[in-house]
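What follows is one structure encoded as structure tokens, with my remarks underneath.
The values are calculated or read from the model by the stated rules, or taken from the named source; none is laboratory data. Nothing here was measured: the structure is a model prediction, and the numbers come from that model. Please note: Cβ atoms are built from the backbone with ideal geometry, for glycine as well, and neighbour counts cover all protein chains shown. We work out accessible area using only protein heavy atoms, side chains counted, and drop any ligands, DNA or RNA first. Shrake-Rupley method; radii C 1.70, N 1.55, O 1.52, S 1.80 Å.
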Amino acid sequence: ALSIGPARAQAGFPNRPIRLVIPFPPGGPLDVMGRLIAQRLSSTLGQVIVDNKPGAGGTLAGKEVARSDPDGYTLLMGSSAALAIGPALYGENTGYDPIRNFVPVAMVSSVPYVMIAAANTPFKTVQDVLAYARTKPGELNFGVPNGAPPHMLAEMFKMSTGANIVTVPYRGASTLITDMLAGRLQLGFETTSVMFSHINDGKIRGLAVIRDKRLAELPEMPTMTESGVSDYVLTFWTGIIAPAATPETIVKSLNTAIANGLKSDAARETLSRVGAEAAPGTPQEFAAFIASEKEKWAEIAKTAGIQPE
């Protein structure tokens with residue numbers, strides 16, 4: 001009889017607003033996903049408040065949520081950056097362990113990267129880039145946000161093709177895109193969610209999509225494998241996590257609500273607008289996925305010799 005109290009409290013979950021912390025400023029790809037989820041959860045579970053807490057590559061928000069009460073009322077919009085790449089690069093310095101300090105609730109989406117070229121370059125295909133790099137080694141530049149996924153992608157591209165292309169570190173994607181639009185930078189990698197409008201407007205050229213099949217939204221753009229670079233599939237993914245020790249019943253009800261929310265036509269439409277796909281699954285599947293991604297990115301960072309700043 002003594003155990004009825006907490007069980008009943010959990011059964012009434014949620015009975016106040018849930019806070020969803022997003023580790024980046026409004027307007028970015030993660031914010032778009034987070035607001036979509038908050039909206040879907042609000043319609044089934046009650047009010048969900050979005051709280052943008054940018055800073056330190058997303059690790060500031062991670063630290064805060066890791067220290068929050070494990071009661072299901074504070075959640076983090078996690079991503080490959082905060083849960084796999086950050087820990088792979090910064091180790092203990094992230095201030096949290098993605099496996100130990102959190103419990104995975106649900107994966108939300110995966111967003112592919114595209115290899116991009118400035119419109120003032122002669123490049124229409126990946127092979128054009130490789131041919132140019134062979135005849136003029138060291139003359140081309142990849143702009144990359146330092147230590148972020150595109151940095152890893154550029155190093156991997158150079159390793160798997162042997163192309164001599166210089167990697168130029170940037171503080172973030174926005175300055176990089178500005179330089180590319182102005183024709184000051186030739187090459188880069190970015191997510192479809194950030195690049196869609198520029199590619200559709202013809203302001204930046206999409207050379208190849210980094211995933212196993214073409215994008216329905218940009219059907220004429222080949223995959224990296226079709227472009228002659230194989231074993232090269234990495235995506236940007238997002239998911240919801242809660243502080244470690246959050247009760248399993250609460251995790252389960254959140255997971256169900258998120259999965260149901262992602263099934264709606266409105267959610268699918270919002271995601272496809274940014275070239276993303278819903279990727280719901282069980283908390284256990286998400287946990288296994290995070291562990292494998294953390295290992296994969298750590299391996300890439302080591303092989304490519306990428307050092308955090």
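Things to note:
- For the chain, size of Cβ-based charge dipole, Lys and Arg +1, Asp and Glu -1, in debye: 300 debye
- Put 67, 40 in order of accessible area, highest first, and with a 1.4 Å probe you get 67, 40.
- Considering only the chain, percent of DSSP beta bridges that pair antiparallel, nearest 5: 60 percent
- Linear extension gain, residue 92 paired with residue 60, 0.36 nm per residue minus alpha-carbon span: 10.2 nm
- Over the chain: helical MRE at 222 nm, DSSP H runs n ≥ 4 each giving -39500 (n - 2.57), nearest 500: -12500 deg cm²/dmol
- Per-residue SASA remark: residue 35, around 100 Å² accessible (1.4 Å probe; ligands, DNA and RNA not included).
- Backbone geometry of the stretch 151-165 corresponds, through the Karplus equation with coefficients 6.51, -1.76 and 1.60 at θ = phi - 60°, to 3J(HN,Hα) couplings of 4, 4, 4, 5, 5, 5, 4, 5, 5, 7, 10, x, 6, 8, 10 Hz, x marking Gly and Pro.
- Coarse-grained scattering of the stretch 51-149 at q = 0.12, 0.13, 0.16, 0.20 Å⁻¹, given as base-10 log I(q)/I(0) from a Debye sum over alpha-carbon atoms: -0.58, -0.63, -0.78, -1.00
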